[in-house]
Amino acid sequence: MRARYGVPLGITAAGAAGIAYAAGFEVRSFRLRRITVPVLPRGMRPLRVLQVSDIHMVGGQRKKQRWLQSLAGLRPDFVINTGDNLSDPEGVPETLDALGPLMEFPGAYVFGSNDYYGPKLRNPARYLFEKASGRHGLNGNAPAVGVIHNPWEELRDGFDAAGWVNLTNTRGNLKVEGYDIALTGLDDPHIKRDRYAEVTGGPQEDADFSLAVVHAPYLRVLDAFTADRYPLILAGHTHGGQLCIPFYGALVTNCDIDTKRVKGLSTHQAGGHRSYLHVSAGCGTNRYTPVRFACPPESTLLTLVPRD
């Protein structure tokens, strides 16, 4: 009996322990990632950029709210929000409350699909099927029907009232410690709302520094930004793979970027040029899959320094 049932019972117990850890601990084990990126022109002083992404706020997530509020203690030079703030149509007030202390700093934002539409229950295995077929989001799949529309306008109005720059298929500027920071942003490529033709032309020549912002790091967007010579691209969306294998990494990215660049700092090459790319693993999950494994929730403090 022991020989027959010992291994299956052991596997079942290990699986249950893993689920308990992923859903009960790691999903609330918030981390701050710190990285240095050599992208500034020579002579500029370092700038500290706090990137928050994929909050996926659901009512009652007090620990997440307090952690986001605490990030204001970092005193960043400016904040970039790369979208997917919501996972609950009623989550706008709590999202704005959680980000309130950060909105005291200069900032800018783009939206992701979950800011526009409420989440739907779906089989997690579909992400593997989509990866195998090269179909992600509305990029090759049928349009979503019967979806919940989130009150994204209220979220936008709250950000705008705080002075954050809306980068929805447009350009904007921040004044930071005497520097002119030019920003170019796109709406979410995951649901085909990106319109690069409206922002084409490359970095702003008379700005001290330019960077690009988008929610989902689809290759068509990364290629366009890189070919236009943006030194740095900030994105989110991937959740770092969310359910990863220790010592191996992510299985999926939920877009067409490779799994080696699913989170953290990397580079992208296109048109004979190279850009730094930072993909945030985000600090939340879809409300129907509230688990993380080997991929803790995070925000990132990027210290931008002059190029060598």
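The values are calculated or read from the model by the stated rules, or taken from the named source; none is laboratory data. Note that the coordinates shown come from a computational prediction; the quantities given were computed from them, not determined experimentally. Please note: Cβ atoms are built from the backbone with ideal geometry, for glycine as well, and neighbour counts cover all protein chains shown. Each accessible area value is taken on the protein alone, full model and side chains, heavy atoms only, with ligands, DNA and RNA left out. Shrake-Rupley method; radii C 1.70, N 1.55, O 1.52, S 1.80 Å.
The alpha carbons of the chain occupy a box of 76, 42, 41 Å along the principal axes, longest dimension given first. Within the set of other residues whose C-beta is less than 9 Å from the C-beta of Tyr288, count the net charge using Lys and Arg as +1 and Asp and Glu as -1. Net local charge, Tyr288 excluded: +3.
For region 87-119 versus region 273-293, the spacing of their alpha-carbon centroids is 16 Å. Between the alpha-carbon centres of region 28-76 and region 150-229 there is a gap of 18 Å.
Between Glu154 and Leu74, the FRET efficiency from the beta-carbon distance, with R0 = 30 Å, is close to 0.65.
GNM remark for the chain: springs join alpha carbons under 10 Å apart, and the peak mean-square fluctuation among Arg171, Arg31, Arg42 falls on Arg42.
Take Thr170: with every protein chain present and a 1.4 Å probe, its accessible area is about 50 Å².
Legend: distances between Cα atoms for Lys63/Lys260; Lys64/Lys260; Lys131/Lys263; Lys120/Lys192; Lys64/Lys263; pairs beyond 23 Å are Lys63/Lys260; Lys64/Lys260. For region 195-240, the Kirkwood hydrodynamic radius comes to 11.2 Å, computed from all pairs of different C-alpha atoms.
Charge dipole of the chain (Cα centre as origin; +1 on each Lys and Arg Cβ, -1 on each Asp and Glu Cβ, all else neutral): 1460 debye, rounded to the nearest 20.
For region 202-308, with every protein chain kept in place, what is the accessible area per residue (1.4 Å probe, Å²)?
Values: 4010 Å² over 107 residues.
Heavy-atom accessible area per residue stands at 37 Å².
Using alpha carbons only, the radius of gyration of region 200-304 set against its Kirkwood radius gives Rg/Rh = 1.01.
Taking a sphere under 11 Å around the Cβ of Gly43 and counting the other residues whose Cβ falls inside, with K and R at +1 and D and E at -1, yields a net charge of +2. Of all DSSP beta bridges confined to the chain, the antiparallel ones make up roughly 45%. Per-residue ellipticity at 222 nm from helix content only, as computed over the chain with -39500 (n - 2.57) for each DSSP H run of at least four residues, stands at -7000 deg cm²/dmol. For region 48-137, what does the alpha-carbon gyration tensor say about shape, rounded, prolate or oblate, given a ≥ b ≥ c as the root eigenvalues, a/c under 1.5 as rounded, and a/b over b/c as prolate? Cα axes put region 48-137 in the prolate bin. The apolar share of the surface of the chain, taken as the fraction of accessible area on carbon and sulfur atoms (1.4 Å probe, ligands and nucleic acids excluded), comes to 55 percent.
Probe radius 1.4 Å, ligands and nucleic acids left out: which of Met103, Met57 has the largest accessible area, and how do the rest follow?
Met103, Met57
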